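The values are calculated or read from the model by the stated rules, or taken from the named source; none is laboratory data. Quick caveat: nothing in here was measured; it's all calculated off a predicted structure. Here the Cβ positions follow ideal geometry from the backbone for every residue, glycine too, while neighbour counts run over all protein chains shown. Ligands, DNA and RNA are stripped out before the accessible areas are found, and what is left, the full protein with its side chains, is counted by its heavy atoms. Shrake-Rupley method; radii C 1.70, N 1.55, O 1.52, S 1.80 Å.
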Amino acid sequence: MNIGFIGLGIMGRPMAKNLLKAGYTLVVYDKFAKFDDLVALGAKGGVSNKDVAAQSDIIITMLPNSPHVKDAVLGQDGVVDGAKAGTILVDMSSIAPGATQEICAALKAKGIVMLDAPVSGGEPKAIEGTLAIMVGGDANAFETVKPILEKMGSSAVRVGDIGAGNVTKLANQIIVALNIAAVSEAFVLATKAGANPESVFNAIKGGLAGSTVMNAKIPMILDGNFKPGFRVELHIKDLQNALDTAHALNVPVPLTANIMETLQALKSDDMGANDHSAIVRYYEKLAKVEVRK
Ligand code: NAD
């Protein structure tokens, strides 16, 4: 079985490496980034999205947002032009659930099955192969690709029909953004009040306030390290998809709207390419204090 892997950025590259390590035969392609390192590890290099699709039984895409997935799959020299009937496309990008459903419908006409399978965990878990993977789409196709997903993640759970993976990811992104904001506001207060932020972390991380977000982000914040990881701009993209999806369903999401404006403030302050842990810098600016070692 040949697997095609399209989109070799911060996440896709280590995910593809884990599939190679597991012994799968891979054809890889990225429209803008080089991939010689993967070819050196044994992958075959494709020349277009269409070319990858023509050589693959299962195709994985890991791209920034809905327009990129539409371009790679339905655009010029796209997956749809190369894939044969029966191919399974697993889009692991985080995109708008409505866009997922549109792409799936366009592929169905050619007998191509699509699953949406976005991930949570960021670059460290992509490298470790311990991502949390949330899947929407056909149950039989999910069973076929599950062993492959499990080489990239510690869990792969089917949550419903096509689009349900991305709906779950939107929920995940709301929780992560607000969790970083809560941690940031609290640590800025504690630091300004004279407590040692590292000691605050050690004191509370094992209690009810402890979280995966706190464990991942406070060490970065204490070091003043805002290198991505997960860029502020990508989180803006996810929250825009969350706001659009919520409003189309008449679901008010006041906390999401609030944290969206914090991220917009960071972007206008030239921090769009920082890790989303830079949310703390918004609160630091308000209180004129830095949460550092
Ligand atoms: P990235 O920008 O680093 O990588 C995306 C890659 O896609 C780039 O190398 C780009 O050249 C390529 N690309 C864009 N358009 C293309 C096209 N039409 N054809 C072929 N290649 C194309 O992004 P990333 O951080 O790897 O994120 C990918 C997805 O995973 C996003 O949807 C993101 O929201 C999600 N995600 C990221 C993280 C994280 O921590 N970075 C965590 C979880 C989920």
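Does Leu74 meet the test of being open to solvent by less than 10 Å² (accessible area, probe 1.4 Å), touching a helix residue (DSSP H, G or I) at 6+ places or on another chain (Cβ under 9 Å), in the same structural domain as Pro118 (by TED's automatic domain parsing) and within 28 Å of Thr245 (Cβ to Cβ)? Spelling it out, it is not the case that Leu74 is open to solvent by less than 10 Å² (accessible area, probe 1.4 Å), touching a helix residue (DSSP H, G or I) at 6+ places or on another chain (Cβ under 9 Å), in the same structural domain as Pro118 (by TED's automatic domain parsing) and within 28 Å of Thr245 (Cβ to Cβ).
Mind listing whichever residues of the stretch 1-25 are of a type in the set (A, V, I, L, M) and under 21 Å from the mean Cα position of the chain (by Cα)? Listed by number, the residues that qualify are Ile3, Ile6, Leu8, Ile10, Met11, Met15, Ala16, Leu19, Leu20. From the list Lys205, Lys227, Lys217, the lone residue that is over 17 Å from the mean Cα position of the chain (by Cα) and either under 30 Å from Asn2 (Cα atoms) or of a type outside the set (Ser, Thr, Tyr) (or both) is Lys205. List every residue pair whose Cβ atoms lie under 8 Å apart, where the two residues are 6 or more positions apart in sequence or sit on different chains, the first residue falls within the stretch 42-54 and is open to solvent by 10 Å² or more (accessible area, probe 1.4 Å), and the second residue, located anywhere, is modelled with pLDDT under 95. That search, which allows pairs on different chains as well, returns nothing. If the condition is being within 9 Å of the ligand (Cβ to nearest atom) and closer than 17 Å to Ile60 by Cβ, then the stretch 124-136 contributes Lys125, Ala126, Leu131. Restricting attention to the stretch 167-201 and to residues that are among the aliphatic types (A, V, I, L, M) and touching a strand residue (DSSP E or B) at 6+ places or on another chain (Cβ under 8 Å), the residue that is nearest to the ligand (Cβ to nearest atom) turns out to be Val176.
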